[in-house]
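Right, one structure below, let's go through it.
The values are calculated or read from the model by the stated rules, or taken from the named source; none is laboratory data. Just so you know, these numbers come straight off a predicted model, no measurement behind them. Cβ: placed from backbone, ideal geometry, glycine included. Neighbour counts: every protein chain shown. SASA here: full protein model, heavy atoms, side chains in, ligands and nucleic acids out. Shrake-Rupley method; radii C 1.70, N 1.55, O 1.52, S 1.80 Å.
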Amino acid sequence: MDIDGEDVSRRIHVKFVTKLEPPFKAPVSSIAIPSDVTRLGLSSIVNELLKHANPEWESEPFDFLIDGELIRMSLEEFLRAKGISAERTLEIEYIRAVTPRKEEEPSLHDDWVSAVNGSSSRFILTGCYDSLGRVWSSAGSCSHILEGHAGAISSVALVNSNDARSVTVATASKDRTLRLFKLDPAESVDSSTRVRAYKILRGHKASVQSVSAQKSGNMVCSSSWDCTINLWDTNESTSEGESVTVKKRKGNNKAEESQSEGEAVTTFVGHTQCVSSVVWPEHDVIYSSSWDHSVRRWDVETGKDSLNLFCGKALNTVDVGGEGSALVAAAGSDPILRVWDPRKPGTSAPVFQFSSHTSWISAIKWHKSSWFHLLSASYDGKIMLWDLRTAWPLSVIDTHTDKVLSADWWKGDSVVSGGADSNLRISSGIAIS
């Protein structure tokens, strides 16, 4: 079979293969294609093959791999760069392109959306500069408003959702406190239910920048401009060192509501500037990033740091994931996303660097079910989707009209993001294979 192209001076024989299930399987036979064809041209060819086999087929964007590496230049340039001979029939694997296929209507807030969390498939959490947290069941549908903070919310986290009805949510704020809330996301109401915290966590001496929960939900950790990381119990009962206050509350047939105040169980000290982000990927390990240019790994039991990674730039965000959930990604004041593999002994240099953003990177997040995929958000107004198998972004989401302050994956096939345009955006239909 021969596929026509503008330049017929050189043609390459290829065979398209895929691990995708029908109807995405094209006939496996050798065809000749122009050597200067790009990824978009390859996608058009595969769509032609699929449409020939199924007249009802609707075009779908595809990505392509040769020997496990994504093609991001013309086929001829790729083969030359990798030293691959074009004299034999090339086997090219195609996968569904990692790009949004739908953009939901924006969910407008009253101020900057500084935090988003998509950990639950049932709802999205947001934190806003208007000092309120919100729970969204879908685009434009706010089911709960989390109230009580006296300053902008900088971070939100899902603490526990073991109970089919009740979930626990944590918020961190520039008012130097964290708050814990319990709510029922399935609650059917005509308007947003206002929820007050069951526990207020006090102890930081400056704005709280980030909060992350232990997988068991028994504890949360927080980081602050006071250069420390604090660990807190999430239980409702009060213990030694905690005091109880009773707040009067009117409406919804509730005359009064108790709130406990918790103190930090322990404090990790070591960073010398603002601790911008924390994640708690394993029971006994916490990672942090800081404006002191470092990423640190902390032993929860001893409170000591067992790993220091330095990059020479102030860092805003850190996340752990990828192969074996062992890769550390961090980014900040320069537009470079860096990825380290701490399993490699004797090296502190990143194993990957991505540099397509043009301003500070505000958020990064690994995809939970992929070794290769992660996202980044930036003050340049863009969210980029990355694959470790190529240095170029797979897709650029530019639906925000101002800085993107936060972003996360949701339901495995969507990206949720918040920005200085006061919007929550949902980009869906992203195929991760």
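For the chain, carbon and sulfur atoms together expose 46% of the accessible surface, with a 1.4 angstrom probe and every protein chain in place. Dipole magnitude for the chain: computed about the Cα centre from +1 point charges on Lys and Arg Cβ and -1 point charges on Asp and Glu Cβ, it is near 740 debye. Normalising by residue count, region 49-140 has a Cα convex hull of 186 Å³ per residue.
To the nearest 10, the accessible area of I45 is 10 Å² with a 1.4 Å probe.
Taking the DSSP beta bridges in region 2-96 as the whole, what percent of them are antiparallel, to the nearest 5?
Values: 10 of 15 bridges.
Close to 65 percent.
Residues whose amide H falls under 5 Å from that of A326, counting only those 5 or more places apart or on a different chain, are G321, with hydrogens built in the peptide plane. Distances between placed amide hydrogens fall under 5 Å for S422 paired with V113, all partners being 5 or more residues away or on another chain.
The residues of the chain expose, per residue, 44 Å² of accessible area to a 1.4 Å probe. Would you look at the GNM of the chain, springs on alpha carbons closer than 10 Å, and say which of E69, E93, E56 moves the most? Highest fluctuation of the listed residues: E56. Here the contact order of region 267-355, divided by its residue count and restricted to Cα pairs under 8 Å and six or more residues apart, works out to 19 percent. Annotation: amide H of S131 within the under-5 Å range of I153, sequence separation 5 or more or interchain, hydrogens built in the peptide plane.
Using a probe of 1.4 Å on the protein chains alone, the accessible area found for T272 is around 100 Å². Note on the chain: GNM, Cα springs under 10 Å; of G312, G127, G321, the largest mean-square fluctuation is that of G312. When nucleic acids and ligands are ignored and a 1.4 Å probe is applied, L40 ends up with an accessible area of around 120 Å². Cross-link reach is defined here as a Cα-Cα straight distance under 23 Å, omitting same-chain residues fewer than 8 places apart; for K199 the lysines meeting it are K174, K182, K215, K247, K248, K250, K254. In order along region 23-28, the Karplus-derived 3J(HN,Hα) couplings, from 6.51 cos²θ - 1.76 cosθ + 1.60 at θ = phi - 60°, round to x, 8, 8, 8, x, 8 Hz, and Gly and Pro are given as x. Hey, rough spin-label estimate for I145 and S325, points 7 angstrom out along Cα→Cβ, what's it come to in nanometres? Each label point lies 7 Å from its Cα, and together they span 3.7 nm. Working note: Karplus 6.51/-1.76/1.60 with θ = phi - 60° gives region 82-87 the couplings 9, x, 9, 6, 9, 6 Hz, where Gly and Pro are set to x.
When shorter helices are ignored and each DSSP H run of at least 4 residues is given -39500 (n - 2.57), the per-residue value for the chain at 222 nm works out to -1500 deg cm²/dmol. Across the cross-link table entries K205/K382; K313/K382; K205/K403, which are compared at the Cα atoms, the separations over 25 Å belong to K205/K382; K205/K403.
Taking M73, M219, M384 as the candidate residues, the one with maximal mean-square fluctuation in a Gaussian network model of the chain, Cα springs under 10 Å, is M73. Each residue of region 424-433 is assigned a 3J(HN,Hα), and the resulting list reads 8, 10, 10, 10, 10, x, 8, 8, 10, 10 Hz, derived from the Karplus form 6.51 cos²θ - 1.76 cosθ + 1.60 (θ = phi - 60°), x at Gly and Pro. Using only the Cα atoms of region 320-390, build the gyration tensor, take square roots of its eigenvalues as a ≥ b ≥ c, and label the shape rounded, prolate or oblate: rounded if a/c is under 1.5, else prolate if a/b is larger than b/c, else oblate. Taking the square roots of the gyration eigenvalues as a ≥ b ≥ c, region 320-390 is oblate. Between the alpha-carbon centers of region 351-411 and region 68-147, tell me the distance in whole angstrom. Answer, in whole Å: 8. Estimate the FRET efficiency between K82 and V285 by the formula 1/(1 + (r/R0)^6), using the beta-carbon distance for r and 30 Å for R0, to the nearest 0.05. It comes out at approximately 0.20. Dipole orientation for the chain: of the candidates W366, V275, G203, G203 has the Cα lying most toward the positive pole (charges on Cβ; Lys, Arg +1; Asp, Glu -1).
If R0 is 30 Å, the Cβ-Cβ spacing of K215 and S348 corresponds to a FRET efficiency of close to 0.60. Dividing the mean sequence gap of close Cα pairs (under 8 Å, 6+ apart) by how many residues the chain holds gives a relative contact order of 12 percent.
Restricting attention to region 10-70, which trypsin sites (Lys or Arg not before Pro) occupy a DSSP loop and are surrounded by at most 13 other Cβ atoms within 10 Å? Qualifying residues, ordered by number: R10, K19.
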